[in-house]
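K.L.:
There's a structure below that I have some questions on.
The values are calculated or read from the model by the stated rules, or taken from the named source; none is laboratory data. Not measured: the values here are computed from a predicted model. Quick reminder, even Gly has a Cβ in these numbers, built from the backbone with ideal geometry, and neighbours come from all protein chains shown.
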Amino acid sequence: MYHHITGKERIISAPTAAAPLCHFHDVELKYGETTAVIVPELTINPGTLTAVIGPSGSGKTTLTHAIGDIPVETLHCVGTVERRGKVGVISQDSFGALNPLQRVDKQVALTAGSIENAHELLAQVSLTPELFSRYPLELSGGQRQRAAIAFALGARPQLLLCDEVTSALDPIATAEVVRTLRKLVTDSRDGMSIVFISHDLGAAKALCPDVITLEPADPNTDLTAATAIFRKNWDDYS
């Protein structure tokens with residue numbers, strides 16, 4: 001069995017300026033009969049930056065798969081789910097995202113449609129022209145991750161899921177990637193949004209005004225699932 005939605009669902013192919021890209025109401029994320037994450041209410045609007053944080057094993061990846069409608073065996077959503085627009089995914093493994101035997105610009109051209117478009121996207125993520133024709137192993141970790149971002153942007157996603165994209169980077173490279181992601185949303189004409197999944201609270205706070213926290217189940221109750229709490233700011237997070 002693969003990812004499916006049970007309950008109320010409306011999927012509209014293209015987002016409007018006011019319509020959320022993703023909305024969950026009273027949703028349970030389940031593997032088979034087991035509830036992994038409870039989502040009382042969650043909205044991702046166009047042009048927003050939202051962090052997803054929580055301890056290891058709390059369900060961050062499960063929630064990310066559900067937001068992006070990424071097929072995972074036995075994972076399904078029960079409740080009201082609405083999604084709009086195309087989704088792109090960037091992982092922490094920039095080596096896995098890029099072919100080590102092919103020039104970076106030629107790889108980005110596969111999604112961007114032409115080498116000219118690829119060069120525009122590589123410049124958009126703040127890579128300089130002398131880096132365009134290099135191979136992935138000839139780039140630093142931060143440069144390679146930004147090339148992976150350009151590769152994902154070639155498909156023109158409205159929602160970009162960034163899963164631990166700074167976890168393997170040093171502080172300087174992390175700051176470069178954070179600046180790049182913020183600029184992408186700020187400069188987007190189509191209202192692109194980013195969901196930033198991270199263990200790095202500093203990077204998450206620097207990038208995202210909004211935050212989803214995965215709260216582990218209270219051991220004093222019968223619940224075993226984490227609860228995803230959507231917050232419009234960090235003020236009430238400790």
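K.L.:
Only one of (1) touching a Gly at 6+ places or on another chain (Cβ under 6 Å); (2) assigned to a strand (DSSP E or B); (3) of a type outside the set (A, V, I, L, M, F, W, C); (4) touching a residue at least 60 places away in the same chain (Cβ under 8 Å) fails for D26. Which number is that?
P.N.:
For D26, the failing item is (4).
K.L.:
Among what's in segment 97-124 and is touching an Asp or Glu at 6+ places or on another chain (Cβ under 7 Å) and aliphatic (A, V, I, L, M), pick the residue that is surrounded by the fewest Cβ atoms within 10 Å (Cβ to Cβ). Before you say what the answer is, go through the steps one by one.
P.N.:
In the first step, residues of segment 97-124 are kept if they are touching an Asp or Glu at 6+ places or on another chain (Cβ under 7 Å); the result is 115, 118-119, 122.
Going one step further and asking which of them are aliphatic (A, V, I, L, M), we end up with 115, 118, 122.
Numbers: I115: 15, A118: 25, L122: 26.
Applying the filter and picking the extreme gives I115.
K.L.:
Here's something else I'd like to know. Looking only at residues that are farther than 24 Å from R84 by Cβ and β-branched (V, I, T) in segment 149-175, which one is farthest from the chain's Cα centre (by Cα)?
P.N.:
Step by step, filter segment 149-175, then rank; the result is I172.
K.L.:
Go through (1) surrounded by fewer than 19 Cβ atoms within 10 Å (Cβ to Cβ); (2) of a type outside the set (K, R); (3) part of a helix (DSSP H, G or I) for T80 and report which single condition fails.
P.N.:
So the condition that T80 fails would be (3).
K.L.:
Now for a different question. Looking at (1) under 20 Å from A148 (Cα atoms); (2) of a type in the set (D, E, K, R); (3) at pLDDT below 90, which is the one condition that is false for E215?
P.N.:
(1)
K.L.:
Within segment 133-148, is there a residue that is touching a residue at least 24 places away in the same chain (Cβ under 8 Å), within 21 Å of K232 (Cα to Cα) and under 14 Å from the mean Cα position of the chain (by Cα)?
P.N.:
Looking through segment 133-148, none of the residues is touching a residue at least 24 places away in the same chain (Cβ under 8 Å), within 21 Å of K232 (Cα to Cα) and under 14 Å from the mean Cα position of the chain (by Cα).
K.L.:
Moving to a separate point now. Scan segment 221-237 and report the pairs whose first residue is hydrophobic (A, V, I, L, M, F, W, C) and whose second residue is assigned to a loop (DSSP other than H, G, I, E, B) and at pLDDT below 85, with Cβ atoms within less than 8 Å and a gap of 6+ or a chain change.
P.N.:
Close Cβ pairs (under 8 Å, with a partner that is assigned to a loop (DSSP other than H, G, I, E, B) and at pLDDT below 85) amount to L223/A217; A225/A217; A226/P216; A226/A217.
K.L.:
Related question: Of all residues being within 13 Å of V81 (Cβ to Cβ) and among the β-branched types (V, I, T) in segment 41-68, which is nearest to the chain's Cα centre (by Cα)? Just the residue, please.
P.N.:
So in segment 41-68, the residues within 13 Å of V81 (Cβ to Cβ) come out as 41-44, 63, 65-68.
Then keep just the ones that are among the β-branched types (V, I, T); that gives 43-44, 67.
Values: T43: 14, I44: 11, I67: 9 Å.
In this case the residue turns out to be I67.
K.L.:
Evaluate the following for T62: is it closer than 19 Å to V195 by Cα and either at pLDDT below 95 or not assigned by TED's automatic domain parsing to the domain that holds Y135 (or both)?
P.N.:
yes
K.L.:
In segment 125-238, which helices (runs of 4 or more DSSP H) lie fully inside it and hold 1 or more residues that are of a type in the set (G, A, S), surrounded by fewer than 21 Cβ atoms within 10 Å (Cβ to Cβ) and outside the structural domain of K106 (by TED's automatic domain parsing)?
P.N.:
Numbers: elements: 129-132, 141-153, 171-187, 201-207.
Those helices (runs of 4 or more DSSP H) span 171-187, 201-207.
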